[in-house]
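Here the structure comes first, spelled out in structure tokens, and everything after it is commentary.
The values are calculated or read from the model by the stated rules, or taken from the named source; none is laboratory data. Just so it is clear, the model here is predicted, and its values are computed rather than measured. Backbone-built Cβ (ideal geometry, glycine too); neighbour counts: all protein chains shown.
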Amino acid sequence: MLDRHDEQGHDNAPPAISFRDVVKIYGAGAAAFTALHGADLDIRDNEFFTLLGPSGSGKTTLLRLLAGFEVLTSGTIHLFGAEIRDLPPERRPVNTVFQHYALFPHLSVAENVAFGLKRLRRPAAEIRSRVAEMLALVHMEHLADRQPGQLSGGQQQRVALARALAPEPKVLLLDEPLSALDLKLRQAMREELQRLQRETGITFVFVTHDQDEALSMSDRIAVLSEGRIQQIGTPDDLYNRPYNRFVADFIGDTNLLEARVLRRSGDEVNLRLSGGVEVTAAAAPGIGEGAQVTVSVRPENVVLTGAEAGSVRARLVGKTFLGASSLLTLALDDASRVTVRRDNRMGHPEDPETGAEVGIVFAPGSLRVLLP
Amino acid sequence: MSAGLTETPAGRWLALGPALLVIGVFMLVPLGIMVTISFMEPNVYGGVHRQFSPSAYVQFLYQRDFDDNLVFNPGYLYILGRSLGLAGLATLICFVAGFPVAWYIVRRPPHQRNVLIFLVTIPFWTNLLIRAYAWIIILGRDGVIDTPLRWLGVMGPEASNGILYTNWAILIGLVYTYLPLMILPIYASLERLDFRLFEAASDLYSNKWASMRHVVIPLALPGIFAGVILVFVPALGDFISAQLLGGSRRLMLGNLVQLQFSTARNWPFGAAVAVILLLFVVASMAAYLRLNRKTGLELSK
Ligand SMILES: Nc1ncnc2c1ncn2[C@@H]1O[C@H](COP(=O)(O)OP(=O)(O)OP(=O)(O)O)[C@@H](O)[C@H]1O
Ligand SMILES: [Mg+2]
């Protein structure tokens, strides 16, 4: 568990889960719908891995393929090196926390938690102690004899978690388990989930469409859109080094500027923005000279200066006060808009008045050329 | 006005009045008459002597020998036993056959389900007697069942009527008649089942059988109990199957009652048998309510 952030250690171990060219088509004939177009994905052991994407992007489909509730159309899924195509759900060392909890209404909380262990024919004494341990882990020991119908949403969610953890699966799948909870409880549960993952060392595959949830909890994230994986990386990678337009736009706020590539040198390119200014930006291989590209820069990486000092001239057209920071909207010479985030620290210079002429500079290394 | 009527307790009784009247006149009064008659002396020409006597109940267990001593006679107990046994067995078979049917129907797409349920109810659209006579032909000598059984040597030449006029024939008739009454309530309770629970069970290491046993059946229990009652109670009192398919020698309680009021002209004894039958029905209903309240409480908790 200690080496979970040690990249070296992971590179040698086989991935806990690997998807290769996974295609899932629902239905047939005219009604056929391709929910996954050849997904490739490796999830490491002991990782808190998140599938992030808008509604309908295929997150649940990936999870259901992994749990065995759906049959994949083509491709392979390996679990700890073993192909699992023909393994029914009950033979996979994988447990699921369902979005709708799916607690058994005729069983008490303790019986729900014991369900998987009983089917595995564990000795009664072991089941009893394991159930007590799991209920303590999710702080539900005082409600062990309740029926699920007598629990609040958050309590049901914790029972669902305990039930899925009890058989000590190698992988825990969580499908938007926090979406039904109110904000406060959701935040508390985020920390609890992270704690549980660290304490148990189980690989978590967590599904959400909430980017804050994904960024704050995950070791790594896969961003999905329309059945395709857009990018896989750490929260830092996704936020600071978005790969394409979808990821840059989906995660956080960003400015998208049009530009033409002038020169390429190593990982960097020289660009001319549509307003005529020349800048340097990081670019993935494959972007050659003369290409028309989109560049992303986060609002906090755009720095306001005096009108003459900046590399780009602009006019302030709007201000939004957000408390800790403000968002300033600037119009460039070619009428494109740039948003700037400014901290509202005490003693910070006042924001200029709307209509003022200002200059901006881009923080070094903050511009990124996006793939379409 | 009508809403106001049902709000006070007196108003509520008043509103229930017609229903209470119907139940009272058409159920409780006849029941009272039946119990009263069962405690009277028979009149050989039909009807009764208005005189208290437990002799009808005594007759159920004892008979008088030549010296007018009471000796134990298990004949009627056999009939009671046969009734309970056949009704119980028919209920069991109906459950074993009906549950998979209900499960199958409920797993079809909705538009197919309605058609299938309609098909299940079709036998009800045909007259009961006609259906029973159809079975006489099917089960009787040289019928579609008799012929292959003889050919296979399962049935010897001594069975002159095939399996007609045996307990098996009665059983087949009972199962056939009451099977839809088992399927329908089970279907109704399965239809309300959340099938995602089935997925949750398989996620927690249950194969199909374990999911069925530990999730589906417990949640379908109210429907199963209802089906069991709906089959067992009428099967216990059934006399058509026994009369037409069981022949004259294999009576069920229902036949015994019918016989006493028609040919035997022993009204008190017929009424007493009917009371005994009623006691078993009430006992099974009480067991049903108890079980249902227990599982109902658990499910609603
Ligand atoms: N059983 C099914 N039959 C047909 N199409 C389906 C089925 N299940 C999902 N789909 C389709 O596949 C696509 C992906 O669905 P999926 O449930 O994986 O999305 P998701 O990313 O989990 O979305 P959400 O955030 O709304 O849960 C959707 O367009 C959906 O309509
Ligand atoms: Mg989903």
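Could you list, in sequence order, all residues of segment A:308-353 that are among the hydroxyl-bearing types (S, T, Y) and within 29 Å of A:R272 (Cβ to Cβ)?
Our first condition is that a residue be among the hydroxyl-bearing types (S, T, Y); within segment A:308-353, this holds for A:311, A:320, A:325-326, A:329, A:336, A:339.
If the condition is that a residue be among the hydroxyl-bearing types (S, T, Y) and within 29 Å of A:R272 (Cβ to Cβ), then A:S311, A:T329, A:S336, A:T339 are the ones that fit.
Can you find, within segment A:148-172, the residue that is farthest from the other protein chains (Cβ to nearest Cβ) among those that are in a helix (DSSP H, G or I) and among the charged types (D, E, K, R)?
Residues of segment A:148-172 that are in a helix (DSSP H, G or I), as a first pass: A:148-150, A:153-165.
Next, only the ones that are among the charged types (D, E, K, R) stay: A:158, A:163.
Details: A:R158: 16, A:R163: 7 Å.
Ranking the candidates gives A:R158 first.
Name the residue, out of A:S216, A:S225, A:S274, that is closer than 21 Å to A:G56 by Cβ and of a type in the set (S, T, Y). It would help to see each step written out before you state the result.
On the way: A:S216 fails: closer than 21 Å to A:G56 by Cβ; A:S274 fails: closer than 21 Å to A:G56 by Cβ.
Among A:S216, A:S225, A:S274, only A:S225 is closer than 21 Å to A:G56 by Cβ and of a type in the set (S, T, Y).
Please name all residue pairs, on different chains or six or more residues apart, with Cβ atoms under 7 Å, provided the first residue is in segment A:43-61 and is closer than 18 Å to A:R190 by Cα and the second residue is more than 10 Å from ligand 1 (Cβ to nearest atom) and assigned to a loop (DSSP other than H, G, I, E, B).
The qualifying pairs are A:N46/A:M1; A:N46/A:G201; A:E47/A:D219; A:F48/A:S218; A:F48/A:D219; A:F49/A:S218; A:F49/A:D219; A:T50/A:S218.
Take the residues of segment A:32-63 that are more than 16 Å from A:A16 (Cα to Cα) and part of a loop (DSSP other than H, G, I, E, B): which is farthest from ligand 1 (Cβ to nearest atom)?
In this case the residue turns out to be A:A32.
Tell me whether segment A:80-90 contains one or more residues that are in contact (Cβ under 8 Å) with a residue 12 or more places away in the chain and in a helix (DSSP H, G or I).
First pass over segment A:80-90, keeping only residues in contact (Cβ under 8 Å) with a residue 12 or more places away in the chain: A:80-81, A:84-85, A:87-90.
Then drop every residue that is not in a helix (DSSP H, G or I), which leaves A:89-90.
Yes: one or more hits.
Residues that are on the phi < 0 side of the Ramachandran plot and surrounded by 10 or more Cβ atoms within 10 Å (Cβ to Cβ): list the helices (runs of 4 or more DSSP H) wholly contained in segment B:1-95 that include at least 3 such residues.
On the way: elements: B:2-5, B:9-23, B:29-38, B:55-61.
Helices (runs of 4 or more DSSP H) meeting the threshold: B:9-23, B:29-38, B:55-61.
Scan segment A:166-185 and tell me whether some residue there is free of Cβ contacts under 8 Å to residues at least 12 places away in the same chain and within 30 Å of A:R337 (Cβ to Cβ).
For segment A:166-185, residues free of Cβ contacts under 8 Å to residues at least 12 places away in the same chain and within 30 Å of A:R337 (Cβ to Cβ): absent.
Give segment A:159-209 a look and list any residue that's among the aliphatic types (A, V, I, L, M) and more than 23 Å from A:D45 (Cβ to Cβ), or say none.
Kept after step one, since they are among the aliphatic types (A, V, I, L, M), are these residues of segment A:159-209: A:159-162, A:164-166, A:171-174, A:178, A:180-181, A:183, A:185, A:188-189, A:193, A:196, A:202, A:205, A:207.
Within segment A:159-209, A:V159, A:A160, A:L178, A:A180, A:L181, A:L183, A:L185, A:A188, A:M189 meet the criteria.
May I ask you to list the residues in segment B:193-210 that are in a helix (DSSP H, G or I) and buried (at least 22 other Cβ atoms within 10 Å of the Cβ)? Spell out the reasoning first.
Taking segment B:193-210 as the starting set, the residues that turn out to be in a helix (DSSP H, G or I) are B:196-203, B:208-210.
If the condition is that a residue be in a helix (DSSP H, G or I) and buried (at least 22 other Cβ atoms within 10 Å of the Cβ), then B:A200, B:A201, B:S202, B:D203 are the ones that fit.
Take the residues in segment A:81-129 that are among the small types (G, A, S) and surrounded by fewer than 16 Cβ atoms within 10 Å (Cβ to Cβ); name whichever of them is farthest from the other protein chains (Cβ to nearest Cβ). Explain how you work it out, then say what you get.
Step one: of segment A:81-129, the residues among the small types (G, A, S) are A:81-82, A:102, A:108, A:110, A:114, A:116, A:124-125, A:129.
Filter once more, keeping what is surrounded by fewer than 16 Cβ atoms within 10 Å (Cβ to Cβ): A:81-82, A:124-125, A:129.
Values: A:G81: 21, A:A82: 17, A:A124: 16, A:A125: 19, A:S129: 18 Å.
Filtering segment A:81-129 for residues that are among the small types (G, A, S) and surrounded by fewer than 16 Cβ atoms within 10 Å (Cβ to Cβ), the one farthest from the other protein chains (Cβ to nearest Cβ) comes out as A:G81.
Would you point out the residue of segment A:218-228, among those that are more than 12 Å from ligand 1 (Cβ to nearest atom) and surrounded by 22 or more Cβ atoms within 10 Å (Cβ to Cβ), that is farthest from A:L196 (Cα to Cα)? It would help to see each step written out before you state the result.
The first filter runs over segment A:218-228 and keeps only residues more than 12 Å from ligand 1 (Cβ to nearest atom), leaving A:218-221.
Applying the additional criterion that residues be surrounded by 22 or more Cβ atoms within 10 Å (Cβ to Cβ) yields A:218, A:221.
On the way: A:S218: 13, A:I221: 18 Å.
Step by step, filter segment A:218-228, then rank; the result is A:I221.
Is there a residue in segment B:145-155 that is away from chain A (no Cβ under 14 Å), of a type in the set (F, W, Y), under 22 Å from B:M252 (Cα atoms) and assigned to a helix (DSSP H, G or I)? Break it down into steps so the answer makes sense when it comes.
Going residue by residue through segment B:145-155, those that are away from chain A (no Cβ under 14 Å) are B:145-155.
So of that shortlist, the ones also of a type in the set (F, W, Y) come out as B:151.
Add one more test, that the residue is under 22 Å from B:M252 (Cα atoms), and what stays is none.
No, segment B:145-155 has no match at all.
Can you confirm whether segment A:180-194 contains a residue that is surrounded by 18 or more Cβ atoms within 10 Å (Cβ to Cβ) and either among the aromatic types (F, W, Y) or within 13 Å of another protein chain (Cβ to nearest Cβ) (or both)?
Within segment A:180-194, none of the residues are surrounded by 18 or more Cβ atoms within 10 Å (Cβ to Cβ) and either among the aromatic types (F, W, Y) or within 13 Å of another protein chain (Cβ to nearest Cβ) (or both).
Return the pairs, sorted by first residue and then second, in which the second residue is among the acidic types (D, E) and in a helix (DSSP H, G or I), the first residue lies in segment B:179-207 and is facing chain A (nearest Cβ under 7 Å), the beta carbons are less than 9 Å apart, and the residues are 6+ apart or on different chains.
From residues that are facing chain A (nearest Cβ under 7 Å), the pairs are B:S202/A:E90; B:D203/A:E90; B:L204/A:E90; B:Y205/A:E90; B:S206/A:E90; B:N207/A:E90.
Can you tell me which of (1) within 22 Å of the chain's Cα centre (by Cα); (2) crowded, with 16+ Cβ neighbours inside 10 Å is the one B:L116 doesn't meet?
Looking at each condition in turn, B:L116 falls short on (1).
Which one of these does A:V71 not meet: (1) within 16 Å of ligand 2 (Cβ to nearest atom); (2) within 27 Å of A:G29 (Cβ to Cβ); (3) surrounded by fewer than 22 Cβ atoms within 10 Å (Cβ to Cβ)?
(1)
Out of all the residues in segment A:181-219, which are at pLDDT 90 or above, hydroxyl-bearing (S, T, Y) and either outside any helix (DSSP H, G or I) or over 12 Å from the mean Cα position of the chain (by Cα) (or both)?
A:T203, A:T208, A:S218
Taking only segment A:131-140 into account, find how many residues are in a helix (DSSP H, G or I) and either out of contact with any Leu (no Cβ under 7 Å at 6 or more places or on another chain) or within 13 Å of A:N112 (Cβ to Cβ) (or both). Working first, answer last.
Step one: of segment A:131-140, the residues in a helix (DSSP H, G or I) are A:131-137.
Keeping just the survivors that are either out of contact with any Leu (no Cβ under 7 Å at 6 or more places or on another chain) or within 13 Å of A:N112 (Cβ to Cβ) (or both) gives A:131-136.
Total satisfying the criteria: 6.
Name every residue in segment A:25-60 that is within 14 Å of chain B (Cβ to nearest Cβ) and within 12 Å of ligand 2 (Cβ to nearest atom), in order of residue number.
Residues of segment A:25-60 within 14 Å of chain B (Cβ to nearest Cβ): A:27, A:31, A:60.
Passing the criteria: only A:T60.
From (1) touching a helix residue (DSSP H, G or I) at 6+ places or on another chain (Cβ under 9 Å); (2) within 16 Å of ligand 1 (Cβ to nearest atom); (3) not small (G, A, S), pick out the condition that doesn't hold for A:L66.
Going through the list (1) touching a helix residue (DSSP H, G or I) at 6+ places or on another chain (Cβ under 9 Å); (2) within 16 Å of ligand 1 (Cβ to nearest atom); (3) not small (G, A, S), A:L66 breaks only (1).
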